[in-house]
Amino acid sequence: MDDRNIVDLYWQRSERAISETAKKYGGYCHQIAYNILANSEDTEECVNDTYMSAWNSMPDKRPGILAPFLGKICRNNALNRIERGNRKKRGGGETDLVLDELSECIASKQSVEKEVELKELSAAVNRFLALLSQTERQVFLSRCWFMYPVSEIAEKFGFSVSKTNSMLHRIRIKLRNYLQEEGLC
C-alpha cells in the first residue's frame, strides 16, 4: 500500500492505518528506536508510541512522504525515553557518544534550547548537508540522525572503521567551521 493510501486511512480514523503502517514501516521504525535505545522492550514500546503519535497528529498534518514523518516521531520518542530513564543504563552508550560528538560543534546547550536559535541552527545544518557529497551526507546522517554504530556504517559503505571514524571527524570539523562562519557557534 502506498503512503497516500495509508495517510487516507489515518484521516478516515481506520484502525487498519496502524497495521498498514506497521507492515510497511515497522522495521524502519524498529531500527531507528533500537539504535538509540539498545533494548528490545523499550524499542517495541517506542515503535508503538510512534504509531499512536502518528494517529494523534494525522488529522492536523498530512505528510506527503510517510517514512521521514514516522522516522522523526520515532527518533524523538526514543530520545525522550532516554531522557526520562537512566541515560547511562540505556542506549548502549551510543546515544550519549553521538550527542557528545556533536556537542563540539554547538556552542552551549542554553543557546540551542532557545527556539529561534534552534530553527536557525537547523536551517544552517540543512544548508551544510547540501554542501556534502552524497556519501558524506549518508555517512553523517547514519551516525548523527539514525545513530548507527560506526562499525555498522563502515560495513554498509564498505569502508574500514578507521576510515569511517576519520570521515565523521572531518565532517564534524567542517560542520563546526561552517556554524562558526554562520555565527551559530
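What follows draws every value from the coordinates through simple rules; no lab data is involved. Everything quoted here is computed from the prediction, not taken from an experiment. All Cβ positions, glycine included, derive from the backbone under ideal geometry; neighbour counts span all protein chains shown.
Determine, for each peptide in 24-32, 158-166, the mean count of other beta carbons within 10 angstrom over its residues, then list the peptides with the highest first.
Working: 24-32: 18.9, 158-166: 13.3.
Per-residue Cβ counts within 10 Å, averaged per peptide and sorted highest first, yield 24-32, 158-166.
Pop the C-beta distance of residue 141 and residue 16 into the FRET formula with R0 = 30 Å and round what comes out to the nearest 0.05.
Values: r = 32 Å, r/R0 = 1.05.
The value I calculate is 0.40.
When the chain is fully extended, how far beyond the present Cα-Cα distance does residue 5 get from residue 52, taking 0.36 nm per residue of separation?
On the way: separation 47, 0.36 × 47 = 16.92 nm, distance 1.79 nm.
Stretched out fully, the residue 5 to residue 52 stretch lengthens by 15.1 nm.
Show me 141-153, 4-16 ranked by packing, highest mean number of other Cβ atoms within 10 Å first. Before the final figure, lay out each step's value.
Details: 141-153: 18.8, 4-16: 14.7.
In descending order of packing, they fall as 141-153, 4-16.
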